[in-house]
Structures are given as structure tokens and as C-alpha cells.
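Taking it in order: structure first as C-alpha cells, then the write-up.
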Amino acid sequence: MVCISTILLAGCSSGFLGLAPLGDRKEYVQAKSAYEAGNYQSAVTQLTDYIYKTKNVTRREARAYRLLGRSYEQLNQPSRALEAYLEALEFHPKNVPLLLEAGRLYQESGLTARSIEMYERALAEDPANTQALAGQAANYSTLGFYSKARAFYDQFFALTAEVLPEYRARYANTFLRQRDYEQAFIHITLALAQDPTEEDFWRISAEARRGLHMPQAALADLDAAILLAPSRTDFKTQKALWLYEIGEYKSSLQTAAEILAQKPDNELARLIQALNWQKQGKTKAAQKQLAQLAAGATPNSLIGQVAQQLSR
Amino acid sequence: MRHTLRLLLLMLLLAHTPAAALSERTDEEVLRNFLWQEFIELPADARPTIGLALSAGGVRGFAHVGTLEVLTNAGVPIDRVSGTSMGAVIGALYAGGLPTEKLWEISSHLSMRNISPDFNVMGLWRFLFAKKLPSSANLADFFNKQLGDIQFEDLKIPFTCAAMDVKTGERVLFNSGPLAIAVRASMNLPGVFEPVEYRHRLLVDGAVVDYLPVESVKKMGADYIIASITPPDFFSTTPKTVAAYLLRVGDVRGAAMIEEAAQKADFVLTNRVVDVGTLELDKLHKAGEIGVVEAHQHLEELQDSILLFALDDIIKP
């Protein structure tokens, strides 16, 4: 009994179980309160004092570093936040929350390979960690490795009871990018059932339906996307092209005209006009438009090069 | 009817839900996606014939699996394939109809024992006392396990691969007969494995004479050629064994051949696989992932190039 009391007392004075001594922990609690109150700069100052006060680096608390990183993130200083997480990982290399923070931050910074490494380490410790699984899925999608991304999503879905529609949409997108339109459509329909207000979900649904050779249904989905985001030019140009594809030249021209009314310099809308005029037999007008586009379009752009080639 | 209901529901929700701010695609992306879909749906006889040349490169050559993953996902039609050495292995399996997910599995199965029966004490005995190099005989068995004992004529996509006859120094191009032994000859590394005796020839790796078979693909009738290359990395690894020195000499020659052959291709995907030795089979998957990244990074550029090449077939006045 005496022995246990002695050990506990020793723990309180010098950092039992890797935590700071009780008196010091009060400083952590204060820093946390500052963070929660939105005083991030104050949290940074207090946490920096708190962390570096102890010379024994193994006693530096992972949770303090994590809060420091989060505070830096709130102050829009991601590189400092990352430094905090990485420094903490030197002392706590298997700390999953820290690995997840670093993985996420690397991902947001576009450093995909480093993010993959962090999530890999997190999954080595906790193979069922859904955040790491979803993170890896997103990373491999970024790299264009869709089959691997899908495998991570499969694990993620198997472990997650209530999946956010955003994840379903991302999953659907991996099928779309592999031209598995049927699966893409199934999963985006599930996402839309959860959240029908997201315009890009409708766009994915439209693309899946186009791939399934359902042009009218695809156009209807695209209309839904336009309805939700009337300022998105990409939906409108896409619609104009799809109308051209199915031979509805008049409607395609009307859509192109609507785009040009808002953005008179839109090169793609002008190209679409020329393509439609060609089909309607207005060859002179089409050729004139193409020649103008070829001369004036952004150098080496696909639009300019297509116009140039068609104007010959 | 169901669609009208979906739209109705959407309009009701619109009244109180703000549209989320998401990134808008550029006009270039919209046009590319549209034209690309039009292109990949054209029948093969209504568009240019597309060929793929896969370079040699040992384990680095596994990057071609990554290339194929990206090209297949994008729907790039591959009508002709030619490969050398590791390029021959990957190319033949793909031409035989093996899907890319199966190709990835090879990275965990391919070992020296799958290539040679002589990587054991008896093999060392043979090498020291009979002065014979190990044989690559097991590669043919490994290959037959993947595709069955098939002929070039059975392949789903026309395919060729090259080897070199050490007696004459000639390039020997295979496009008919049994597939496995031809592929084995094409990746039969000189100085590492004993030459393959086939059709009255003594055959070694085709990389010595045809590191990047662009010409072969052209002769097969391809109008547009994509080359996937895995140039040697001279800086991150230093040869330490006799075999490694021999392979390095081959790589130096290969680098020069790549440069010349790549100029004849319409599009070159350069897989920079560093810190991977020619025979480090445990790094196959790593090389493959580099292939994915490289091909994905240049996919839009490749699509634009193909679209402009085939524009007259896509847009008809």
C-alpha cells in the first residue's frame, strides 16, 4: 500500500503516465479554455510555454502539441501547425490522433505522398480508423489511383454506419472516373437521397446517365444542377454541348447565347455556336466564327486549337 | 415521372437551402470531357489506331502497370501493343486480356523463384562448378499460369516483343507461335540468366537491341503511338555486384536508345522510378504507383493530343 502511494505521489510530482505534473496540467486546461473561447494566439503562447517548460522531451504531451497545432491552424498558419504535429510525432510516433492531424494537413497542402505515409502509419496502429481510411481514399483519388481509392472507400463504408453524402459522392466519382457508370449512378443516387441540394451531386448523376446512354435524363439532371447554381458556367456549356450532341441545335444555340449574354468573351460558347451553325448549314458564319476564335483564343488552349483545326 | 419528382423535391428544398460553393470546371475541361467521350465511343474502324510501346527497365518497368491503369480508366483505346523485357511481360499479359487489377496482384507474387529454378544451393553449385548461369525457365510457367498456354494469335490485342540472338546480334521480333517462351526470351537478362534456346537461336533480353519498341508498334499499323518509358536512374543506386554492373551497362545503352525511339512516338509518358534496382522485385508495387502518378499527371495533355489527332473523326461537318 505504501509502495503504491509512493508511486502515485512520485507520479504527481514528476509526470505520471507521460502526463505533466498536476500543477502544470492546469496550464494546459487554461490553454484549452483559451482555444475554446477563440483566443488562439493566447492558446499558442500558453501551450508553447507549457510544452517547452519541461526539458524531458518524452514527457511533452501529445495532446498539448495537438492543441498547439490546431491553434496555429485557426490562426491560418498551417506550416507551423504541421511543425507542431511533426515534432510531437518525434516523441509519440504511434500516436494516431497526431498522425491523422498531420495526414489531413499534408492532404490539404497538396502533399499527397506525405499524407499517404501518415495515414499508412495511423492504419498500422488502428486498421479500422475510418478517418484514415477516408483520407487514403481521397489521397489515392487525387493521384488518379481510383481502384485503390475505391478499396479504401469499401473498407470505410463497411465500418461506418451513417455515411455523409459527401463521401458517397466521392465514392460515386471514383466509379465515374473508371467509367463504371452504373455503380456511379447507384452511389450518387444514394448521396442525392441524403442531400439533393448539392449541385455537383446532380452533375455526377448527369455524367453517369450520359455514360449509360440516357441523354434526356442526363440533361434533366444537369438542369437540376443549373437550378441550384445558376452562376456556374461549366454546367451551361456542358448542357449546350450535350444538346449539340443529340442534334438539338436550336436549344444548344439558345444555351450558348445565354452564356454569352452573361460572358460575351466566353470562347467555348462561341465555339459551340460555330459547331451548331455548321450543322445547320450556316457554313460561312461558322467558318468566320472559327477563324476569329483561332486567331483570338488563348494560345495553345484546346478551344483555340480545335477552332484552328476546324477552320482549315 | 420519377425524375419529375426528384426535380420537384429539389425545387422545394431550394427555397431555404443555399447552394454550396464548389469549384467550377474550366471551359477547357468541359470541352475535353465532351470530345473525349465522343472519341472513345467511336468504333475502332472510325478512328485512328492507337499503339502502345512499353520500354524495358527491369523492376522499373512495372510502372507500365500504372500507365495501363490510368489509360484503361480513361478509356484510351489500345489497339496494338509492343513491349521489351518487363514491358513484354506487362504488355503480353494485358494483350491477353488480364485486367489491371490482376496485373497489380503480380507485384506480390513475382519473385526470383517464379523466374528461375536456380536460386537455391543447387543453383549456386551449378554456377560455381558447371559455370552455368541460372535459367529463367520458371518465368514461362509463371506466365502460363496467368494466361494459360496460349499463342500470339490467341491474344485479344495484337502484340509483339523483341529478343536478341547472342550468336548473331540480331533483333528477333516475335509475333506468332507460343507466347510464354517469347516473353521469357524478351526479359532474359544477359549475364544474369543463361540464354534461351528457341527456334535455333540463343536468345537474351531484347533491351540490348530494342529498349523501346516504337518502330514495332508503327509496323503493326498504329497511327498514333504512346510510349511508356522507364529511364534508368543512375544517381540513386550504385552497382555492387557483377550482375548489377552488367545491368548498368545495359541501362546506359538503353538510355540512349530510349531518347532516339521516343522521338518517333506521338506521346511519351516518362516514369521516373528512382531508388529501385533492376532486380528488386519487392519494389514492383512502388514502381507501379509511380506509373499511375505520372500517367495521371499527363492524362489531360495526352487526351488533348489524341483529340487533336482524331478531330476530323470526332467532329464531322
How much FRET efficiency would the formula 1/(1 + (r/R0)^6) give for A:ALA37 and B:GLU197, where r is the Cβ-Cβ distance and R0 is 56 Å, rounded to 0.05?
-> 0.10
Considering the alpha-carbon set of segment A:202-290 alone, what are its Rg and its Dmax in angstrom?
-> 13.0, 38
Provide the net charge surrounding A:ASN276, with neighbours chosen by a C-beta distance below 10 Å and charges set as Lys +1, Arg +1, Asp -1, Glu -1.
-> +2
Surrounding net charge for B:LYS283, when Lys and Arg each add one and Asp and Glu each subtract one, Cβ distance under 11 Å = -2
So how far apart, in nm, are the two label points at B:GLU280 and B:VAL249 if each is 7 Å from Cα heading toward Cβ?
-> 2.4 nm
What list of whole percents do you get for P(r) of segment A:162-212, with Cα-Cα distances grouped in 10 Å bins up to the one holding the largest distance?
-> 34, 58, 9
Spin-label pair B:ASP45/B:LYS167, simplified geometry with 7 Å Cα→Cβ offset, distance in nm | 4.4 nm
Mind checking the mean number of beta-carbon atoms from other chains within 10 Å of the Cβ atoms in A:301-308?
-> 5
Whole-Hz Karplus ³J(HN,Hα) for segment A:261-270, in order, using 6.51 cos²θ - 1.76 cosθ + 1.60 and θ = phi - 60°, x for Gly and Pro?
-> 5, 8, 10, x, 9, 5, 5, 5, 4, 5
Determine the shielding of peptide A:139-146 by partner chains: average, over its residues, the number of Cβ atoms on other chains within 10 angstrom of each Cβ.
-> 5
Take every DSSP beta bridge with both residues inside the protein assembly as shown and express the antiparallel ones as a percent of the total, to the nearest 5.
-> 40 percent
Whole-angstrom gap from segment A:39-88 to segment B:227-281, using each part's C-alpha centre | 45 Å
Hull-based mean projected area of the protein assembly as shown, where the convex hull spans the alpha carbons, in square nanometres = 38.2 nm²
If B:MET187, B:MET86, B:MET257 are placed from fewest to most neighbouring beta carbons inside 10 Å, the sequence is B:MET257, B:MET187, B:MET86
Which whole-Hz ³J(HN,Hα) couplings does segment B:65-74 yield from phi under the Karplus relation 6.51 cos²θ - 1.76 cosθ + 1.60, θ = phi - 60°, glycine and proline marked x?
-> 5, x, 4, 5, 4, 5, 5, 5, 4, 6
Averaged over the residues of A:282-294, the number of partner chain Cβ atoms within 10 Å of each residue's own Cβ comes to 0
Computed E for A:ALA193/A:LEU227 - FRET, C-beta separation, R0 25 angstrom, nearest 0.05 | 0.90
HN-Hα J couplings of segment A:180-191 from phi, Karplus 6.51/-1.76/1.60, θ = phi - 60°, integer Hz, Gly and Pro as x?
-> 9, 5, 5, 5, 4, 5, 4, 6, 6, 5, 5, 5
Given backbone amide H placed at 1.01 Å from N, residues whose amide H is under 5 Å from that of B:VAL172, ignoring those fewer than 5 places away on the same chain, are B:ALA163, B:MET164, B:ASP165
Cα pair distances exceeding 35 angstrom across chain A, given as percent | 45 percent
Gain upon complete extension [A:THR160, A:LYS284; 0.36 nm per residue less C-alpha separation] | 38.7 nm
Once A:LEU212 and A:ASP126 are pulled to full extension, the length gained, defined as 0.36 nm per residue separation minus their Cα-Cα distance, is 27.0 nm
Starting from 0 in steps of 5 Å, tell me what percent of the Cα-Cα pairs of segment A:76-133 lands in each bin.
-> 4, 23, 32, 25, 12, 3, 0
Spatial separation of Cα centroids for segment A:273-312 and segment A:134-198, in angstrom = 38 Å
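Every number here is computed from the coordinates shown, using simple stated rules; none is lab data. What you see is a predicted model, and the numbers here were worked out from it, not measured in a lab. Neighbour counts are summed over all protein chains in view; Cβ atoms, including those assigned to glycine, are modelled from backbone coordinates with ideal geometry.
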